[in-house]
Amino acid sequence: MKLVLTACPYCGTGCNLYLKVADKRVVGVIPSVSRSANRGHLCVKGWNAWEFIHHSDRLKSPLIKIRGKFKEAGWDDALDIVARNFKKIKKKYGPDSLGIWGSARCTNEMNYLAQKLARAVFGTNNVDHCARTCHSPTVAGLVRSFGSGAMTNSYDEIPQAAGIFAIGSNAPEAHPIIWWRIRTAKDNGAKIIVADPRKTKLAEIADIHLQHYPGTDIALLNALMHVIVKADLHDKSFIARCSLDFEKLTRVIEKYTPEYAESITGVPAGLIKEAAFLYAGLKPLSNIYTLGITEHTTGTENVMSVANLAILTGNVGKRSSGVNPLRGQNNVQGACDMAALPDVYPGYQRVDNDEIRRKFEAAWGVPLSPNPGLTVTDMIIQASAGKIKALYIIGEDPMRSDPNINHVKKALENLEFLVVQEIFMNKTAEFADVILPGASFAEKDGTFTNSERRIQRIRKAIGPLGKARPDWKIVCDISNRLGYAMKYKNISEIMDEVASLAPIYGGVSFERLEEDGLQWPCPDKEHPGTKYLHENGKFTCGLAKFHAIKHRPPAEECDSEYPFILTTGRMLFHYNVGTMTRRTPALNREYPDNFVQINFNDAARLGITNNAACRVATRRGGLKVRADVTDKIKEGVIWMPFHFTEAPANLLTKDAFCPIARTGEYKACAARVEKC
Ligand code: SF4
């Protein structure tokens, strides 16, 4: 048996693990003790991250649709069809009729090449990826507040914090190894304040739990800041030395008395005051948030509100003290860094900056478009409108992951040509003209960048199954057929190219990543990487910026027909749309079907008993699911996970989007529950 060190393919924590390999099969996992991302720990998903690899559903050959049916094909035939159709559509409708979806599940190297294919070969900036459905508001919001859109601190700083403020984060289920660190902080004496509509395990250990309604984060955060400023507990010296626009903030938060916030959030005014006083007395304090903050029509403003609170109290730019978004997928940070985004080149360099664009034109040897491209959200809208004609979707399933999937279906049906690159058949691939089989994380080399900005190696444990190919090679194959040579002898050459073009990755090489990886910014070969950002209040953008933000309700409010707020999220035992975890017997055994959490009192009123079937409906559709009757959710709010393809929560969610980041409002829409 051999052991191969690599990184977990699930959440953005990026735990390191060894794959156990016997007879060319992966047969188990053990955690790495020496790597700092997880220090010997794994959650239940990590321990079982090997089971799906050899599942009989794996795609092992290219598939071509002929008269509505998929037929196995050779690579040459499949790639010829792909190249021919992309060429034909580009010639007929122009480069902006094409689009590429990179993937937060795939390596940095693949994402770098995918955006290069879009920009240098297709001739469009229409390239994006699933960060749009989760943390794009983080990138947009933290760039506006601090100049850098990433977690400010390192995981190992969490246990040393005197305070943790977690808002919209269910770390025990979504980021269990961060949860371990929060519990360690609690054991070390830290005070914990949690803001969450549900009584999560994290809320159970909190000193104060603020159980607000989904979609009321800004009102809650403004009220906390109102109390802090009125009590003169803000950090005046930090504000004067390191920030801009404090007066603009104070004018807006004036109105947000705890009593006014209570009327919006449902949190008692006294508890808001108590939380504000506790928060203001804790230093260093780490602010932690996840999708409960970002997946709203106010997502970017929510992020900037969390940043406001941190700047106000001087809780940023120090060890254990900052704003820490916990990223969703294994490589969502890296896919953003590599510029699987429509408005920037690798390292967040804007495509509409002439000097930057000239640098990339010189490196890639072709003229590049100065116009920012479309987000995945807008590619779907423009496909429905007939302007996007062809898509190349890599490692994503928008027919399950995007809000209001009936709207996605119409868009996919309207395309002239769709290529899907995947490891398993999925609902999106059913609409494809060509399906290309990619390699799983166990079958390829490369790097992932985790939530604490740590670039880490993943290593090939076995060869690709059947005729599957590593994703980066497939992108090269397509590019070469389109007449633009992508000839890399090995994958480390791709990272060398990234390092030459993206200053935050300037000192990164495969050789340097061998030990414990490197945390960006790492500008040169001697730089040791950066543990926390904005040291001594020196922000990437110069001074941190307050943003004066008013509460706005969710796009869809409750009424007599749809009286509940439906909010959705993630569970410990499953991951995203379940592509891998639903094919992992040890995980699927525990939670094989979908359910809705509903408060005892609401259920009693509707005559619904625990585990009975009920129907959840919104203006987009309805689903029959099991009722989980509990005291863990606020009255008037219901919660569903989105992992179950046969009862997809995103049939119900609304396609309303944050106007800045274009992320969908997965966390709040109006719903009805009925007894079946
Ligand atoms: Fe994998 Fe995340 Fe669990 Fe770590 S915490 S083992 S990265 S799913």
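The values are calculated or read from the model by the stated rules, or taken from the named source; none is laboratory data. Given the structure is predicted, the values throughout are model-derived calculations rather than measurements. No Cβ is skipped: glycine too gets one built from the backbone with ideal geometry, and neighbour counts run over all protein chains shown. Surface accessibility is based on the protein's heavy atoms, side chains included, excluding ligands, DNA and RNA. Shrake-Rupley method; radii C 1.70, N 1.55, O 1.52, S 1.80 Å.
Quick check for me: using +1 on Lys/Arg Cβ and -1 on Asp/Glu Cβ, what's the dipole size of the range 475-580 about its Cα centre, in debye to the nearest 20?
Dipole magnitude for the range 475-580 comes out near 260 debye.
Return the whole-Å distance between the Cα centroid of the range 26-55 and the Cα centroid of the range 629-676.
31 Å
Could you state the angle between the C-alpha long axis of helix 217-230 and the longest principal axis of the C-alpha atoms of the chain, as a value from 0 to 90 degrees rounded to the nearest 10?
Tilt relative to the chain: about 40 degrees.
Taking 8 Å as the Cα distance limit and 6 or more residues as the minimum spacing, I'd like the relative contact order of the range 564-675 as a percentage. Write down the numbers at each step before the final one.
On the way: 228 pairs, mean separation 42.0, N = 112.
38 percent.
I'd like to compare 78-85, 421-428: which one has the highest average count of other Cβ atoms within 10 Å, and what's the full order after that?
421-428, 78-85
So for each of 226-234, 169-177 I average, over its residues, the number of other beta carbons within 10 Å; can you give me the resulting order with the highest mean first?
Details: 226-234: 17.6, 169-177: 23.4.
Top of the packing list down: 169-177, 226-234.
Where both partners of a DSSP beta bridge lie in the chain, what percent of those bridges are antiparallel, to the nearest 5?
Working: 48 of 93 bridges.
Percentage antiparallel, nearest 5: 50.
What is the range 2-47's relative contact order, in percent, from Cα pairs under 8 angstrom and six or more apart in sequence?
Details: 83 pairs, mean separation 14.8, N = 46.
Averaging sequence separation for qualifying contacts and normalising by length gives 32 percent for the range 2-47.
Quick query: amide H of residue 29 versus all other amide H atoms, modeled in the peptide plane; which residues come in under 5 Å with a sequence gap of 5 or more or a different chain?
The list, which skips near neighbours in sequence, is 20.
Points 7 angstrom from Cα along the Cβ direction at residue 76 and residue 352: gap in nanometres?
4.6 nm
Just subtract the alpha-carbon distance of residue 41 and residue 509 from 0.36 nm times their residue separation and send over the number in nm, one decimal. Don't skip to the answer; put the middle values down first.
Numbers: separation 468, 0.36 × 468 = 168.48 nm, distance 2.68 nm.
Taking residue 41 through residue 509 to full extension adds about 165.8 nm, to one decimal.
What number comes out for accessible area per residue over the chain if the probe is 1.4 Å? Units Å², please. Working shown, then result.
On the way: 22720 Å² over 676 residues.
Spelled out: the 1.4 Å probe surface of the chain, per residue, equals 34 Å².
What FRET efficiency, computed as 1/(1 + (r/R0)^6) with R0 = 30 Å and r the Cβ-Cβ distance, is obtained for residue 67 and residue 485, rounded to the nearest 0.05?
Working: r = 35 Å, r/R0 = 1.17.
My answer for the efficiency is 0.30.
Expected output is a single nm value to one decimal: the length gained when fully extending between residue 632 and residue 247, i.e. 0.36 nm times separation in residues minus the C-alpha distance. What is it? All intermediate terms of the calculation are to be shown ahead of the outcome.
Details: separation 385, 0.36 × 385 = 138.60 nm, distance 3.92 nm.
Going from the current span to full extension adds 134.7 nm.
Report the FRET efficiency, 1/(1 + (r/R0)^6), for residue 156 and residue 593, where r is their Cβ-Cβ distance and R0 is 51 Å, rounded to 0.05.
0.85
Determine ³J(HN,Hα), in whole Hz, for all residues of the range 160-165 in sequence, where each value follows from phi through the Karplus function 6.51 cos²θ - 1.76 cosθ + 1.60 and θ = phi - 60°; x replaces Gly and Pro.
Values, residue by residue: 8, 6, 7, x, 10, 10 Hz.
Leaving out ligands, DNA and RNA, what percent of the accessible area of the range 2-47 is carbon and sulfur, probe 1.4 Å?
Details: 950 of 1700 Å².
Carbon-and-sulfur percentage of accessible area, whole number: 56.
Leaving out ligands, DNA and RNA, what percent of the accessible area of the range 564-675 is carbon and sulfur, probe 1.4 Å? All intermediate terms of the calculation are to be shown ahead of the outcome.
Numbers: 1900 of 3780 Å².
Carbon and sulfur atoms account for 50 percent of the accessible area of the range 564-675.
With respect to the cross-link table entries 2/24; 389/410; 191/273; 87/116; 20/473; 230/550, which display a Cα-Cα separation exceeding 20 Å?
Details: 2/24 10 Å; 389/410 13 Å; 191/273 16 Å; 87/116 16 Å; 20/473 25 Å; 230/550 18 Å.
Going by Cα-Cα distance, 20/473 fall outside the 20 Å limit.
Does the range 564-675 come out rounded, prolate or oblate, given a ≥ b ≥ c as the square roots of the eigenvalues of its C-alpha gyration tensor, rounded meaning a/c under 1.5 and, failing that, prolate meaning a/b above b/c?
Details: a/c = 1.80, a/b = 1.05, b/c = 1.72.
Since a/c reaches 1.5 but b/c is at least a/b, the shape of the range 564-675 is classed as oblate.
I need the peptides 546-557, 519-530, 291-302 ranked by packing, meaning the mean over residues of other C-beta atoms within 10 angstrom, with the highest value on top. Walk me through the numbers before you get to the answer.
Values: 546-557: 18.4, 519-530: 16.8, 291-302: 28.2.
The packing order, highest mean first, is 291-302, 546-557, 519-530.
Using a simple spin-label model with points 7 Å from Cα along the Cα→Cβ vector, what separation in nm is obtained for residue 674 and residue 57?
A separation of 3.0 nm, rounded to one decimal place.
When DSSP assigns beta bridges and you keep just the ones with both residues in the range 392-492, what percent turn out antiparallel, to the nearest 5? All intermediate terms of the calculation are to be shown ahead of the outcome.
Values: 4 of 12 bridges.
Once the DSSP bridges in the range 392-492 are tallied, antiparallel ones form about 35 percent.
What percentage of the solvent-accessible surface of the range 152-326, computed with a 1.4 Å probe over protein heavy atoms, is contributed by carbon and sulfur atoms? Before the final figure, lay out each step's value.
On the way: 2680 of 5110 Å².
After summing per-atom areas, the C and S share lands at 53 percent.
For the range 2-47, what is the convex hull volume of the alpha-carbon atoms per residue, in Å³? Mind showing how you got there, number by number?
Numbers: hull volume 2.8 nm³, N = 46.
About 61 Å³ per residue, rounded to a whole number.
Enumerate the amide H contacts of residue 210 below 5 Å, restricted to partners 5 or more residues apart or on another chain; note that Pro and chain-start residues carry no placed amide H.
194, 195, 196
Determine ³J(HN,Hα), in whole Hz, for all residues of the range 152-157 in sequence, where each value follows from phi through the Karplus function 6.51 cos²θ - 1.76 cosθ + 1.60 and θ = phi - 60°; x replaces Gly and Pro.
7, 10, 9, 4, 5, 7
Expressed as a whole percent, how much of the Cα-Cα distance distribution for the chain exceeds 35 Å? Don't skip to the end; give the middle numbers.
Values: 88952 of 228150 pairs.
So the pairs more than 35 Å apart make up 39 percent of the total in the chain.
Any idea what the relative contact order of the chain is, in percent, if you count C-alpha pairs under 8 Å spaced at least 6 apart? Write down the numbers at each step before the final one.
Numbers: 1647 pairs, mean separation 134.7, N = 676.
Reported relative contact order: 20 percent.
So if each residue of separation counts as 0.36 nm, and I subtract the Cα-Cα distance between residue 586 and residue 2, what length gain in nm does that give? Walk me through the numbers before you get to the answer.
On the way: separation 584, 0.36 × 584 = 210.24 nm, distance 2.31 nm.
Between residue 586 and residue 2, full extension yields 207.9 nm more.
Using the Cα centre of the chain as the reference point, and only Cβ charges (+1 on K/R, -1 on D/E), how large is the resulting charge dipole? Debye, rounded to the nearest 20. Kindly include the intermediate steps, with their values, before the conclusion.
Numbers: 88 positive and 72 negative charges, 222 e Å.
Dipole of the chain, to the nearest 20 debye: 1060 debye.
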